[in-house]
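Here the structure is laid out as structure tokens; the discussion comes afterwards.
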Amino acid sequence: MLRLAAACMAVFAAVPHAVHASGVTSFELDNGMQVVVVENHRAPVVMHMVWYKVGAADEPPGQSGIAHFLEHLMFKATDELAAGELSTTVNRNGGSDNAFTAADYTGYFQRIASDRLELVMSMEASRMDGLRLVPEDIGTERDVVIEERNQRIENEPGALFNEQMRAAQYLNHPYAIPIIGWRHEAHSLTLEDANAFYKAHYGPNNAILVVAGDTDPDEVRALAEKHYGVIPPNPAIAPRDRVEEPPQLAERRLDYSDPRIGNDYVIRTYLAPERDPGAQQEAAALTLLAEVLGGSSTTSVLARKLQFEKQASVYSSAWYSGQSLDDTTFGLINVPVPGTSLDDAEAALDQAIGEFIEEGVDSEELARIKTQIRASEIYALDDIQGLANRYGAGLTSGLTIEDIESWSDILQAVTEDDIIAAAQKIFDRRKAVTGFVRKSEEVTQ
């Protein structure tokens, strides 16, 4: 067996890999599975991740939450594994495992000693095309998902309102639907729904394997060919075909109240462009705009103007996440001091934004932010899970390895004028949802 493995490694060592500027290696198996290897030999540990290019935004109408539900069911039995055996085996070998679902992807991972890489790879490959669900799995796991929704959404008034905000932000695109699913639809998910979603989207030709840590491309290729390469491509997998968002021509406003709200606040999100392959400059400017406006509780524009100069706010922030397959959002929030109306809080927020656009970006503050970003990227090199996430999330969101690796330099090249231009373009109230959230005596559900 050792001689066979050595021979395989010798063969694959002669096969050229794509070695990128950062030293990251990538190649593709014959069945269409993309493989990325991020070497980091500082500790004898590897992160093994399989990312599927399917998420909550790819669900059939009326089956919201099926992507997340299937993620739970993937820990049940396969052709070779008993239900729960994968996690038990990983834990018994000193590792950890988990999974996650997002709008654009679903991922499964194991962190384990590097000499156990083949063990986890063989088990993960088993559930790529060998999942064997039975009726008894459905009711129990559906209850788990519903309870998860109860804890994360139903019992959190802010989370309930965020669902309403997102549903109002997107007029047609499935990003409007919560990843965990609407409660009434989660109750009706079936075994047939789960199997149909699995058969439509799971397979090596819709997956990306990312291995980060104490390994090398030749070892990963030999093991990937052995365990994943023998899985035939799934002929049912088709290119993503999502509905498009129509032009947004009118601001939407929401008023939400709940007795569990701690502080009244005003929040606004704008439809915003995502990071596009080969064209990330606008997203980079928006990333730095969010940092300049609200990235710091002490030095950002909103903190300085609303919290310290006017002393009319107890908290303010801005945020933007450009890593998305389709249009994303840019957000602002202002939590006023007690006794300040939400109308006044909104007016103060708008005034602060207007003054910022007129005054421009503080060059010293921008330089400080860029230095912090560069430092965080250096520290991130020690985090193999973070490195694996960087490539997996980026690739499943439509970016290339070259896009992912050039992102840092693109951020550093953003100028003060770029940020102001991005602000003038993004703050279009016709593409905004403004929410007033306040404490009340009655639950409005």
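Quick notes
- Residue selected from segment 95-124 under the condition over 18 Å from ASN206 (Cβ atoms) and of a type in the set (Asp, Glu), by the criterion most open to solvent (accessible area, probe 1.4 Å): ASP115
- Count - residues of segment 306-330 that are acidic (Asp, Glu), open to solvent by 70 Å² or more (accessible area, probe 1.4 Å) and assigned to a loop (DSSP other than H, G, I, E, B): 0
- Any hit, segment 130-138, residues being closer than 29 Å to THR215 by Cβ, in contact with a helix residue (DSSP H, G or I) (Cβ under 7 Å, 6 or more places away or on another chain) and not in a strand (DSSP E or B): no
- Pair list, Cβ under 8 Å, 6 or more apart: segment 418-445 residue over 16 Å from THR287 (Cβ atoms) and open to solvent by 10 Å² or more (accessible area, probe 1.4 Å), other residue among the basic types (Lys, Arg) and at pLDDT 95 or above: PHE436/ARG253
- Unique residue being at pLDDT 95 or above, of a type in the set (Val, Ile, Thr), in a helix (DSSP H, G or I) and buried (at least 16 other Cβ atoms within 10 Å of the Cβ) when the list is ILE353, ILE333: ILE353
- Test for SER122: is it of a type in the set (Ser, Thr, Tyr), farther than 30 Å from LEU249 by Cβ and part of a helix (DSSP H, G or I): yes
- So GLY107, is it of a type in the set (Gly, Ala, Ser), assigned to a helix (DSSP H, G or I) and closer than 16 Å to GLU71 by Cα: no
Let's see how each residue does on (1) of a type outside the set (A, V, I, L, M); (2) closer than 22 Å to VAL292 by Cα; (3) modelled with pLDDT of 95 or more:
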residue: PRO338; (1), (2), (3): yes, no, no
residue: GLU346; (1), (2), (3): yes, yes, yes
residue: GLU358; (1), (2), (3): yes, yes, yes
residue: GLY386; (1), (2), (3): yes, no, no
residue: THR396; (1), (2), (3): yes, no, yes
residue: ASP403; (1), (2), (3): yes, no, yes
residue: LEU411; (1), (2), (3): no, yes, yes
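- Residue that is most open to solvent (accessible area, probe 1.4 Å) [pool: residues in segment 67-94 that are part of a helix (DSSP H, G or I) and under 14 Å from VAL145 (Cα atoms)]: HIS72
- Restricting segment 107-118 to residues that are within 16 Å of TYR391 (Cβ to Cβ) and of a type outside the set (Phe, Trp, Tyr), the residue that is nearest to the chain's Cα centre (by Cα): GLY107
- Scanning segment 125-147 for residues that are open to solvent by less than 30 Å² (accessible area, probe 1.4 Å) and within 30 Å of ILE267 (Cβ to Cβ), we see that the one that is farthest from the chain's Cα centre (by Cα) is ILE146.
- When ILE179 is tested against (1) in a loop (DSSP other than H, G, I, E, B); (2) touching a Lys or Arg at 6+ places or on another chain (Cβ under 8 Å), only condition (2) is not met.
- ASN172 out of contact with any Lys or Arg (no Cβ under 7 Å at 6 or more places or on another chain), exposed (fewer than 15 other Cβ atoms within 10 Å of the Cβ) and not in a helix (DSSP H, G or I): yes
- Candidates GLU365, GLU358, filtered to the one that is assigned to a helix (DSSP H, G or I), more than 30 Å from TRP51 (Cα to Cα) and touching a helix residue (DSSP H, G or I) at 6+ places or on another chain (Cβ under 9 Å): GLU365
- Only one of the numbered conditions (1) in contact with a His (Cβ under 9 Å, 6 or more places away or on another chain); (2) assigned to a helix (DSSP H, G or I) is violated by ALA303, and that is (1).
The values are calculated or read from the model by the stated rules, or taken from the named source; none is laboratory data. The structure presented is a predicted model; accordingly, all values stated were derived computationally and were not measured. Reconstructed Cβ throughout: ideal geometry from the backbone, glycine too, with neighbour counts over all protein chains shown. Quick note on the areas: whole protein, heavy atoms, side chains included, nothing else; ligands and nucleic acids left out. Shrake-Rupley method; radii C 1.70, N 1.55, O 1.52, S 1.80 Å.
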